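Okay, so here's the structure we're looking at.
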Amino acid sequence: TRLWLVVPAAGQGRRMGADRPKQYLPLAGRPVLACTLERLHAALPAARLCLCLDPEDPYFDPAWVPFADWRRAPGGAERVDSVIAALAAIAPDAADDDLVLVHDVARPCVTVDDLSRLVTALADDPVGGLLAAPVADTMKRDDGAGRVATTESREGLWHALTPQGFRFGLLRRALHEALARDVHVTDEASAVEAVGRSPRLVAGRRDNLKITHPEDLALAELVLSAQQQ
Ligand code: C5P
């Protein structure tokens, strides 16, 4: 079986409030997208990459892609649409039991070690799974008016990170069913759960953060420099 990497990079990243999508903002001197692809390549150099890009993206430079075997797919309106477009782009060459790892371009701090452990953990798994980190904070649910309604137990709660890896056939079916049934999915695992399967949780580092808000860029720079020591 082959290993595929799908990297959705077609978001606009509006919550950053920057002049360009967050994947093109500089992180330690290079665009976020280049940093993320470099980490993925360091861990999985033989993987085949499909990058989801906005068809009208004026910022992308193919020189940032370190993979020998890569292709692009047109990004869609939502992340799930971009991932579905990527699966369509690899379909002619992918077998149902090939493993597909989906990784947010906005997570440049994923480590080589976490990537290797995830691939090893999923090698013989018929369903697939995801990197995840146990919730550390006490969790509150609000009452809709700015006050605490309840305290939720954090016992057994995890943050869903990426990559998330599933067999090509299962992932494609799950995502198409989610769209057809109008189930709102914000990650691959929730689509797989919606078709009745249980993704494996692979404990990953908590510093695999997703650059979302302006302060996250500085945090990611700190994480990268600490990881290199
Ligand atoms: O905006 P958010 O951080 O949730 O996006 C997660 C990932 O999905 C990012 O890598 C972003 O570029 C990607 N995305 C996409 N197509 C969209 C929306 C988001 O590829 N329409």
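Taking every DSSP beta bridge that has both ends in the chain, the antiparallel portion is near 45%.
Region 129-229: which trypsin sites (Lys or Arg not before Pro) are DSSP loop and have at most 10 other beta-carbon atoms within 10 angstrom?
Answer in residue order: ARG147, ARG181.
Exposed loop positions in the chain were taken to be GluC sites (Glu not before Pro) whose DSSP state is not H, G, I, E or B and which have at most 16 other beta-carbon atoms within 10 angstrom. Between these positions, the longest stretch is 79-154. For region 18-99, a crude dipole built from +1 on the beta carbon of Lys and Arg and -1 on the beta carbon of Asp and Glu, taken about the Cα centre, is about 360 debye to the nearest 20.
Taking Cα centre as origin and charging only the Cβ of basic (Lys, Arg, +1) and acidic (Asp, Glu, -1) residues, the dipole magnitude of region 181-229 rounds to 280 debye. Between ARG20 and THR151, the FRET efficiency estimated from the beta carbon spacing at R0 = 25 angstrom works out to 0.05.
From helices alone, the chain scores -9000 deg cm²/dmol at 222 nm; the rule is -39500 (n - 2.57) for each run of n ≥ 4 DSSP H residues, then divide by the residue total. Look at the alpha carbon pairs under 8 Å that are at least 6 residues apart: their mean separation over the length of the chain gives a relative contact order of 24 percent. The dipole here belongs to region 3-227: it is taken about the Cα centre, uses +1 on the Cβ of Lys and Arg and -1 on the Cβ of Asp and Glu, and is about 200 debye. Shape call for region 83-229 from the C-alpha gyration tensor, a ≥ b ≥ c root eigenvalues: rounded (a/c under 1.5), prolate (a/b greater than b/c) or oblate? Note, shape of region 83-229 comes out oblate.
Taken together, the values in this text are just the output of simple stated rules run on the coordinates, not laboratory data. From a predicted model like this one, the values you see are computed outputs, not experimental measurements. Every residue, glycine as well, gets a Cβ built from its backbone with ideal geometry; the counts of neighbours run over all protein chains shown.
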